[in-house]
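The values are calculated or read from the model by the stated rules, or taken from the named source; none is laboratory data. Quick caveat, the model's predicted, so the values are computed rather than measured. Cβ atoms come from the backbone with ideal geometry, glycine included; neighbour counts cover every protein chain shown. These area figures cover heavy atoms from the full protein model, side chains too; ligands, DNA and RNA do not enter into them. Shrake-Rupley method; radii C 1.70, N 1.55, O 1.52, S 1.80 Å.
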Amino acid sequence: MTGTLMYGMPEGRAEEHRRALRELAKYLESHGLRCRHVERVHLPMRWGFDKGFPLPPEMDVYGCGRLAATVAVVDVPGGGAWYLVKRPDGLPVRACAAGDPARAAEDIAADAAG
């Protein structure tokens, strides 16, 4: 279903983001971190029943038994895809090139360690 939109994002592009997150997860797990892929849904609050909209995929990263970060893939115009790393409270703290998941995993692991 390549033509289907995912809340403004074609499903094919969302699948590319999922692949990038899966690739990053391989490297994060080698640093002792656990990853959980998350599909989020936006549910509009209106009268009556409204259909929800899928949001772009994200990945929660756990270290030392706690949520260390959430990672999403964002497309930067003219700059390709980047991993956007957010603290557990949702504040973005780092952007890493998606073309180098090993380096991104090192940076995320260093932040998770503390």
Just for segment 43-56: of the residues that are surrounded by 14 or more Cβ atoms within 10 Å (Cβ to Cβ) and assigned to a loop (DSSP other than H, G, I, E, B), which one is nearest to the chain's Cα centre (by Cα)?
56
Kindly establish whether residue 40 is at pLDDT 95 or above and either of a type outside the set (A, V, I, L, M, F, W, C) or open to solvent by 20 Å² or more (accessible area, probe 1.4 Å) (or both).
no
Quick check on segment 28-37. Is at least one of its residues outside any loop (DSSP other than H, G, I, E, B) and at pLDDT below 95?
no
Mind checking whether some residue in segment 25-34 is open to solvent by 30 Å² or more (accessible area, probe 1.4 Å) and touching a Phe, Trp or Tyr at 6+ places or on another chain (Cβ under 9 Å)?
yes
Just the residues that are open to solvent by less than 50 Å² (accessible area, probe 1.4 Å), outside any loop (DSSP other than H, G, I, E, B), under 21 Å from residue 16 (Cα atoms) and touching a residue at least 60 places away in the same chain (Cβ under 8 Å), please, taken from segment 57-114.
81, 83, 101, 102, 104, 105, 108
